[in-house]
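Presented below is the structure to which this report refers.
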Amino acid sequence: MGFGKYVGARVLWAVVVSLIITTITFLLLAAAPNPAIREAATQELRGLNQPLYVRYMDFIESVYTLDWGWSESRSQPVTEALLQALYYTAQYSIPWTVLTITLGPLVGVYSAANMYSWRDHVATGFAFFGYAIPNFFFGIILLLIFGVWFEWIPISYDTSVPVFSLENVRQLIMPVFVLVTGSIGATMRVSRNESAEFQNSEFMKTAKAKGVSPFRAYAYHVMRPTMVPLSTTLVGQLLALFIGSSLLVEVVFGIPGLGRLTFNALISQDTNLVLGSTLVFTFIAVVGNLLEDLVFTVLDPRINYDDR
């Protein structure tokens, strides 16, 4: 199987997965009672008096034509509401992802290179602290200290601040820090344990004997094989934090992002908006797993598409 066929098969599977998840979400919301639409006139206006299979087929057609309907709770198209929320979510999720992918493996390899030293103990302690403390609780504590007591960061999020400005950095630095400490722990531990196996390997000793610089030796002979198993941890941790913890962080710091939008849509039983949010999260998860498989193949030439 070539690269193009492999990607095409994965994209087709992504469509099937998204359809299954959307169907389950649609059925759960259809079965949930909503006191606000008990009146017959309201049900007819929203098309809820039609059979379930008719409503489902209409919804599936609208999903794949990107006509995701109207959000009753926000009085705007669903796609417009999602794009607005995603705009604010991206402002902290992009730097958080970049920092996690960069710092996690580097700290893990550095910790393994100084194993059982005070540097290793400091890095390990930081990793366990970030992994153990709840993100929302850590965010509240930081907001109380640096926002209320020292007044170094704003307490409430200001949507009028330009994206590329110092003011926006001040109001996003704590959400990014909270998420990084939560995601870097598992990444650092996996990279530390995996890289420790390669540091005393034969090819590492051969590279040192040939006079290869320590930076190149660690980058090529330690980091590269370490990233193969680490990519699974990276994708899993980032997806779990993005889907779950992003809501809590957005609530604590008042960011009108995708997590808060989904939560408010669930409370108001805005079916179209809930399903639209589900599609976005599903798409992110599927793309993340696709990138994980592609990274496997790039980092380890022994893995080919026929094995998939």
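For the pair I267 and Y87, how long in nm is the line joining their label points, each one 7 Å along Cα→Cβ?
Output for this residue pair reads 2.3 nm.
Determine the distance separating the Cα centre of region 275-291 from the Cα centre of region 84-148; give it in Å without decimals.
Centre-to-centre (Cα) distance: 24 Å.
Any read-out appearing in this document is the output of simple, stated calculations on the displayed coordinates, not a laboratory observation. As the structure is a computational prediction, the values presented were derived from the model and not from experiment. Please note: Cβ atoms are built from the backbone with ideal geometry, for glycine as well, and neighbour counts cover all protein chains shown.
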